[in-house]
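A.B. asks: This is the structure I want to talk about, given as C-alpha cells.
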Amino acid sequence: MGRKRYDAKHIHVLKGLEAVRKMPAMYIGDTGKIGLHHLVFEVIDNSIDEAAVGECNRINVIIHKDNSISVKDNGRGIPVDIHKIEKRSALEVVMTSLHAGGKFDHKVYKVSGGLHGVGVSVVNALSEWLEVWVTRDGGVFYQRYERGKPAKDVKRIKDVDVKESGTTVKFFPDPEIFKTIDFSPEIIAERERELAFLNRKVTLTLEDERNDLKKEFCYDGGISEFVIYLNNGKTALSPVIYFKDEKQDVEIEIAMQYTDSYSENILAFANNILTREGGTHLIGFKSGLTRVINEFVKKNNGKESIQGEDAREGLTGVISVKLSEPQFEGQTKMKLGNTEVKGLVESSMNSYLNMYFEENPQVLDKIIKKISAAAKARIAAREARELARRKGALDISPLPGKLADCISKEVKSAELFLVEGDSAGGSAKQGRDRNFQAILPLKGKILNVEKSRIDKILSNDEIKTMISAIGIGFEDESPNTGGEVLERLRYGKIIIMADADIDGAHICTLLLTFFYRYAKRLVEEGYLYIAQPPLYHIRIKNTVTYAYSEEELAKIVEEHVDRIDIQRYKGLGEMNPEQLWETTMNPENRILKSVTVEDLIEADRTFNILMGDNVEPRRKFIEENARFVENLDV
C-alpha cells in the first residue's frame, strides 16, 4: 500500500488571529469556565498596567443582561493614530495582531502582566463580537469586530474635553468556542479584590445587571490590609510585618503575620498575577524565612531543628514581585520561573527580617514559641507514625478492613463513597455496583483539622483510614498536598455521602475542611463530590417517586392533590439498599455536586471563620447569612 501524498499544498499558514480560533486552549488554557474568565482578566490586566504607571485609578466591570461584559478604565486610552509600518490605526493593530502593544517597550510599561502575547487581540479573536471605545486627544473613537475581524474602520464618533481619557472594551464570548458563556461574578470579584489589594488606592467595581449585584474594591493599606483581611477569624500573634525593596530592577513587596492557626496561607503574585503553583519568588521567601528563624533559635539556645513547615505554621503572607521580563511556566501563568528572583527575595527577607526581629524582640519571642511547639509536634507525629508503621497499622499497602473495595483498578472509573455511619454504610455496601463503587463507612464526626496540629491529625483513626483508602499517603510530616497526591490516588471520584440533616451537614463540612487543608489538589483537580440523597419518599397510588428539594416536593403535591403519601427522610439509614442505589448511587439517576474553589481567598477565609477557634467572626457570619438557610432541622 503506497503512502498518502504529503506535499506543500498540505501546509496551511494560519494568518492573523486564525490560529487563536483554531487552537484556543494554547492561548487561554481551556474553553471552559477558566478560559472564559481568562478573557475578562486579560482586559482588566491591560487597565491595571495603566494603573501601575500612575495613569489610571478606576476600573469598572459590568456583566450585561445579554451576558456580554464590558471593562472601562480612565487610563490614557489605546493609541488611535496611524501606525507607520502597518499603515492602519494603532487601535486596530492592537486589537487584531498577536504580539502587538506598548508592553514590549519598557519606556511605556516597566512591568506588565500580559507579556505572553495573550492579550486583548486574543479576547477579540474568541468573541462573537467586540466593541471598543477609546477616549483621548479630545475625541471618542469607536470600532467593532466580529470574530476578530474589523467590521468597519476606526471612526471618531464625538468630541469631548481634551482632559478626558480612557478605554472601554465590550465583548460577547463566542458560543462556537466556549462550553459555557455564563460569567461568574464570584470569580471576577475574586480577581478584582486581589488587584485592589495589590494596587493600593486603585478602585475596581463590579456590576451584574442580571441580578443587580454591585461591588467596589479599594484598599489604601495595600497588601498589609490584604493580610489582615485573610486573617479574619484568627487570633494574631504578631503585627503585620511589611517591607518593600528593589533589587536589580525587581520590585519586592512582602506582608506577613503569624496567627494561632495551625495551617499556613501564603499567596504569591508576580506582576499582579496569582501564581497558584508558586515559583522562584515563593521558594526565595520560604528559604529566607527558614534561615532567619533558625539563626534566631540558635541565638536563643533553642534545641529544636526548625524545618520550613515549622517556621510557617500559622503564617499568613502575601508576596508580590514586579519585574520587566517575567518567565511564566505555562500560558496561564501558574508558576514564576525567573531563576534570579529566588536569590533576590531570599536576600531581602534575610536583611529585613533580621533587622525587624532585632528591633522587636517581644514579637520574636512569641513567634519562636509558636514555631518550637510546631517542631515538637512534628517530631512527635513522625515518631508516632514510625511506631504505627512498625506495627503495620499505617502501612500504605494494606487497605483498611472496613473498606469494601471495588473490583475495578481503573482510577478514572472507580468511585469511593465516604458514608456517614455503619448503618448507612451497610446499606451502601449491599446496594452498590461492586464493579466500580467502593464504600468506606465513617464512624461519627471526624476531627476538626482547623483546630488541630498535625500530630493530633495523624493519630485520628478515621482520618488515617480515609487517607489509606484514598491513596493520599504520608510523605513527610503531613498528608501530601503536592502534585504526588494524584500519583497514588485509587479513585476518580471521592463522594461524600451524609444524612440530609444538621449532623450530616456538619460531618460534610468537617470532611471538606480536611480535604481543603490537607489534600487541596483533589479539590482543585475536580475529584471531590457530595452526594445528594432525596429529602422525601413520595408514594402516589402504586408508584414511588422522590423529591430532592422543597420546591420539587411542592410541585409534586400540586400535581397530585389527595392521592399522595409523603415520608421525610431523616437519614440514609432509613433507605433500604435498593432505594439508596436508585436515588443516590446509580449514575443514571443520582445527583452529585462537584466541589470546586471559584474564590480561593474567600474559601480560605470561610474555613477560618466557620471552623476556627475564634467565636465572634463565626457569630457575625451566622447573623449575616441566617436568611439563606434552607431545610433547617431543629
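A.B. asks: For segment 132-151 and segment 227-256, what is the separation of their C-alpha centers, rounded to whole Å?
C.D. replies: Cα centres, segment 132-151 to segment 227-256: 41 Å.
A.B. asks: Once Lys and Arg get +1 and Asp and Glu get -1 on their Cβ, which of ALA500, GLN430, GLY138 lies farthest toward the positive end of the dipole of the chain?
C.D. replies: Result: GLN430.
A.B. asks: May I pose another question? At 1.4 Å probe radius, can you tell me the per residue accessible area of the chain in Å²? Walk me through the numbers before you get to the answer.
C.D. replies: Values: 30040 Å² over 634 residues.
Value returned for the chain: 47 Å² of accessible area per residue.
A.B. asks: At a probe radius of 1.4 Å, what is the per-residue accessible area of ARG521, in Å² to the nearest 10?
C.D. replies: Using a 1.4 Å probe on the heavy atoms, I get roughly 60 Å².
A.B. asks: Scan segment 244-346 for trypsin sites (Lys or Arg not before Pro) in coil per DSSP, keeping those whose Cβ has at most 11 other Cβ atoms within 10 Å, and list them by number.
C.D. replies: Numbers: sites: LYS244, LYS247, ARG276, LYS286, ARG291, LYS298, LYS299, LYS303, ARG312, LYS322, LYS333, LYS335, LYS342; in loops: ARG276, LYS303, ARG312, LYS333.
Passing both the DSSP loop test and the Cβ count: LYS303.
A.B. asks: Rounded to whole Hz and in sequence order, give me ³J(HN,Hα) for segment 192-205 from the Karplus expression 6.51 cos²θ - 1.76 cosθ + 1.60, θ = phi - 60°, writing x for Gly and Pro.
C.D. replies: 5, 4, 3, 5, 5, 5, 6, 10, 4, 6, 9, 9, 10, 10
A.B. asks: For segment 163-286, what does the relative contact order come out to in percent, with C-alpha contacts under 8 Å and a separation of six or more? Numbers along the way, then the final one.
C.D. replies: Values: 128 pairs, mean separation 17.6, N = 124.
Relative contact order here is 14 percent.
A.B. asks: Suppose only helical runs count, i.e. DSSP H with n ≥ 4. What mean residue ellipticity at 222 nm does that imply for the chain under -39500 (n - 2.57) per run, divided by all residues and rounded to the nearest 500 deg cm²/dmol?
C.D. replies: Working: 20 runs with 225 residues, N = 634.
Helices in the chain give a 222 nm mean residue ellipticity of -11000 deg cm²/dmol.
A.B. asks: So, with +1 on the Cβ of K and R and -1 on the Cβ of D and E, and no other charges, what is the size of the charge dipole of segment 13-101 about its Cα centre, to the nearest 20 debye? Let's see the in-between values first.
C.D. replies: Details: 11 positive and 12 negative charges, 54 e Å.
It works out to roughly 260 debye.
A.B. asks: Quick one: putting +1 on the C-beta of Lys and Arg, -1 on the C-beta of Asp and Glu, what dipole do you get for segment 324-383 around its Cα centre, in Debye to the nearest 20? The partial results should precede the final answer.
C.D. replies: On the way: 9 positive and 8 negative charges, 95 e Å.
In total the dipole reaches around 460 debye.
A.B. asks: So how strong a dipole does segment 264-331 carry about its Cα centre when Lys and Arg Cβ are +1 and Asp and Glu Cβ are -1, to the nearest 20 debye?
C.D. replies: 260
A.B. asks: Can you give the FRET efficiency for LYS155 and ASN360, using 1/(1 + (r/R0)^6), R0 = 56 Å, r = Cβ-Cβ distance, to the nearest 0.05? Walk me through the numbers on the way to the answer.
C.D. replies: On the way: r = 61 Å, r/R0 = 1.09.
It comes to 0.35.
A.B. asks: From the phi of every residue in segment 363-376, what ³J(HN,Hα) in whole Hz does the Karplus formula 6.51 cos²θ - 1.76 cosθ + 1.60 yield, where θ is phi - 60° and glycine or proline is x?
C.D. replies: For segment 363-376, the Karplus curve yields 5, 4, 4, 4, 5, 5, 4, 4, 5, 5, 5, 5, 5, 5 Hz.
A.B. asks: Counting DSSP beta bridges with both partners in the chain, what percentage is antiparallel, nearest 5?
C.D. replies: Working: 73 of 100 bridges.
Percentage antiparallel, nearest 5: 75.
A.B. asks: Taking H as built 1.01 Å from N, whose amide H comes closer than 5 Å to the amide H of VAL595, not counting residues under 5 places away?
C.D. replies: HN-HN under 5 Å from VAL595: LEU528, TYR529, ILE530.
A.B. asks: Related question: Of SER351, TYR548, LEU535, whose Cα points farthest to the positive end of the dipole of the chain (charges on the beta-carbon: +1 Lys, Arg; -1 Asp, Glu; origin at the Cα centre)?
C.D. replies: Of the candidates, SER351 comes out farthest on the positive side.
A.B. asks: Now for a separate question. To make sure I understand the rule: partners must be lysines, Cα under 21 Å from the Cα of LYS65, and not fewer than 8 residues away in the same chain. Which ones qualify?
C.D. replies: Result set, ordered by chain and number: LYS33, LYS170, LYS179, LYS214, LYS215.
A.B. asks: Pull up all non-local amide H partners of ALA268: gap of 5 or more, or a different chain, and H-to-H distance under 5 Å with H placed in the peptide plane.
C.D. replies: Here THR275, ILE319 satisfy the definition.
A.B. asks: Taking all pairs of different Cα atoms in the chain, averaging 1/r and flipping that mean, what Kirkwood radius in angstroms comes out?
C.D. replies: 27.7
A.B. asks: Now, a different point. Could you work out how much longer the chain between ASP422 and ARG618 gets when fully extended? Use 0.36 nm per residue separation minus the Cα distance between them, nm to one decimal. Each step should come with its number before you reach the end.
C.D. replies: Numbers: separation 196, 0.36 × 196 = 70.56 nm, distance 3.14 nm.
Value of the extension gain: 67.4 nm.
A.B. asks: In 5 Å bins starting at 0, how do the alpha-carbon pair distances of segment 505-595 split up by percent?
C.D. replies: Spelled out per bin, shortest first, that is 3, 12, 19, 19, 16, 13, 8, 5, 3, 1, 0.
A.B. asks: Once the principal axes of the Cα atoms of segment 201-245 are found, what is the range along each, listed largest first in whole angstroms?
C.D. replies: Dimensions of segment 201-245 along the principal axes of its Cα atoms: 43, 28, 12 Å.
A.B. asks: Set the Förster distance to 51 Å, then compute FRET efficiency between ASN300 and THR180 from the Cβ-Cβ distance, nearest 0.05.
C.D. replies: Details: r = 56 Å, r/R0 = 1.09.
Taking R0 as 51 Å, the efficiency between ASN300 and THR180 is 0.35.
A.B. asks: What number, in percent, do you get for the relative contact order of the chain if the mean sequence gap of Cα pairs under 8 Å and at least 6 apart is divided by its residue count? Could the numbers behind the result be given before it?
C.D. replies: Working: 1204 pairs, mean separation 63.7, N = 634.
So the answer I get is 10 percent.
A.B. asks: Counting only residues 5 or more places away or on other chains, whose amide H sits under 5 Å from the amide H of GLY139 once H atoms are built in the peptide plane?
C.D. replies: VAL160
A.B. asks: Sketch the reach of a paramagnetic label on GLN248 as a point 7 Å from Cα along Cα-to-Cβ, and name the residues of segment 340-378 whose backbone nitrogen lies under 18 Å away.
C.D. replies: Answer for segment 340-378: 340-352.
A.B. asks: DSSP loop trypsin sites (Lys or Arg not before Pro) in segment 539-595 with at most 13 other Cβ atoms within 10 Å of their Cβ, which ones?
C.D. replies: Numbers: sites: ARG539, LYS541, LYS555, ARG563, ARG568, LYS570, ARG590, LYS593; in loops: LYS541, ARG563, LYS570, ARG590.
Counting only loop positions with at most 13 other Cβ atoms within 10 Å, the trypsin sites (Lys or Arg not before Pro) in segment 539-595 are LYS541, ARG563.
A.B. asks: Per residue of segment 59-69, what does 6.51 cos²θ - 1.76 cosθ + 1.60 with θ = phi - 60° give for ³J(HN,Hα)? Whole Hz please, x for Gly and Pro, Karplus curve as stated.
C.D. replies: Once θ is set to phi - 60°, the couplings for segment 59-69 become 9, 10, 10, 10, 8, 8, 4, 7, 6, 7, 9 Hz.
The values are calculated or read from the model by the stated rules, or taken from the named source; none is laboratory data. Because the structure is a prediction, the values reported are computed rather than measured. Note: ideal-geometry Cβ built from the backbone for every residue, glycine included; neighbour counts use all protein chains shown. Just the protein is used for accessible areas: all its heavy atoms, side chains included, with ligands, DNA and RNA removed. Shrake-Rupley method; radii C 1.70, N 1.55, O 1.52, S 1.80 Å.
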